[in-house]
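Note sheet for the following structure.
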Amino acid sequence: IAGDANLDGLVTTGDAVAAVGFALERTVPSEKAFEAADINKSGKITVSDVVGIINIALDEELDARTMADNANNFLTMDGAEVSLMNSTTFVGFQMDVTLAQGAVLNGVELAQRAAGLTVAYNRVADNTYRIVAFSTDKAVIQGSEGALFSLNIAGNSNVTVSNVEFTDAAARAYALEMAATTGINSGVAGAAA
């Protein structure tokens with residue numbers, strides 16, 4: 001069953017939680033669980049699949065269109081604070097943050113404009129952490145600019161951001177690429193779920 005990431009025969013928010021574990025690489029899905037969780041058939045489990053599973057659990061229709069978006073969406077960093085300027089309404093995001101050698105990520109704090117999201121993170125490589133934030137009830141990132149989250153880092157706070165994906169309420173993926181170590185900018189929409 002599409003969306004049944006925990007293979008219990010039903011699609012519930014429990015499947016979204018399982019997909020978050022797959023996206024964060026906390027758990028490795030079986031081939032069958034991976035196929036069920038990969039809603040947009042991108043070959044990887046991301047925040048867009050999580051939102052797609054939530055849509056199925058809530059009996060929402062998925063928008064299967066591929067989308068071309070000319071909107072400008074930008075991420076910038078000031079120290080350990082990441083800000084978003086957006087013209088698209090997003091309900092979730094994920095990204096990898098790589099810290100300087102010896103630094104440790106002690107926490108991720110969502111800013112007020114993202115307060116309706118749930119955030120989780122996990123170390124996926126030596127100095128790299130994956131952050132996934134999503135809404136279970138269609139809460140959106142509020143406003144069109146400002147702080148999105150801040151990182152609580154012990155040690156050197158030099159951060160590189162990569163593998164950035166945002167998702168809208170229809171589970172469409174928006175890939176944002178890093179322009180420089182101190183900022184990211186893009187307006188390119190990815191494949192739809």
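Looking for something of a type outside the set (Asp, Glu), open to solvent by 50 Å² or more (accessible area, probe 1.4 Å), in a loop (DSSP other than H, G, I, E, B) and at pLDDT below 95 - is there at least one such residue anywhere in the range 163-171? No, the conditions are met nowhere in the range 163-171. If the condition is being within 15 Å of the chain's Cα centre (by Cα) and open to solvent by less than 50 Å² (accessible area, probe 1.4 Å), then the range 104-118 contributes 108, 110, 114, 116, 117. Taking (1) open to solvent by 50 Å² or more (accessible area, probe 1.4 Å); (2) within 17 Å of residue 168 (Cα to Cα); (3) at pLDDT 90 or above in turn, residue 90 satisfies each apart from (1). Picking from residues in the range 121-141 that are open to solvent by 30 Å² or more (accessible area, probe 1.4 Å) and hydroxyl-bearing (Ser, Thr, Tyr), the one that is modelled with the lowest pLDDT is 136. Set side by side, the residues 79, 187, 146 differ, and just one is more than 30 Å from residue 15 (Cβ to Cβ), open to solvent by less than 60 Å² (accessible area, probe 1.4 Å) and at pLDDT 90 or above, which is 146. When residues in the range 13-51 are screened for being assigned to a loop (DSSP other than H, G, I, E, B), in contact (Cβ under 8 Å) with a residue 24 or more places away in the chain, closer than 19 Å to residue 176 by Cβ and not aliphatic (A, V, I, L, M), 3 of them pass. Scanning the range 138-162 for residues that are in a strand (DSSP E or B) and among the charged types (D, E, K, R) yields one hit, 145.
Against the definition (modelled with pLDDT of 90 or more, surrounded by fewer than 18 Cβ atoms within 10 Å (Cβ to Cβ) and among the hydroxyl-bearing types (Ser, Thr, Tyr)), how does residue 66 come out, yes or no? Here the answer is no, as residue 66 does not meet what is asked. Which residues, taken from the range 93-103, are in a strand (DSSP E or B) and either among the charged types (D, E, K, R) or open to solvent by 20 Å² or more (accessible area, probe 1.4 Å) (or both)? Of everything in the range 93-103, those that are in a strand (DSSP E or B) and either among the charged types (D, E, K, R) or open to solvent by 20 Å² or more (accessible area, probe 1.4 Å) (or both) turn out to be 96, 98.
The values are calculated or read from the model by the stated rules, or taken from the named source; none is laboratory data. Keep in mind the model is a prediction, meaning the values are calculated, not measured. Every residue, glycine among them, receives a Cβ derived from its backbone with ideal geometry; neighbour counts consider all protein chains shown. Remember, those area values only see protein heavy atoms, side chains included, never the ligands or the DNA or RNA. Shrake-Rupley method; radii C 1.70, N 1.55, O 1.52, S 1.80 Å.
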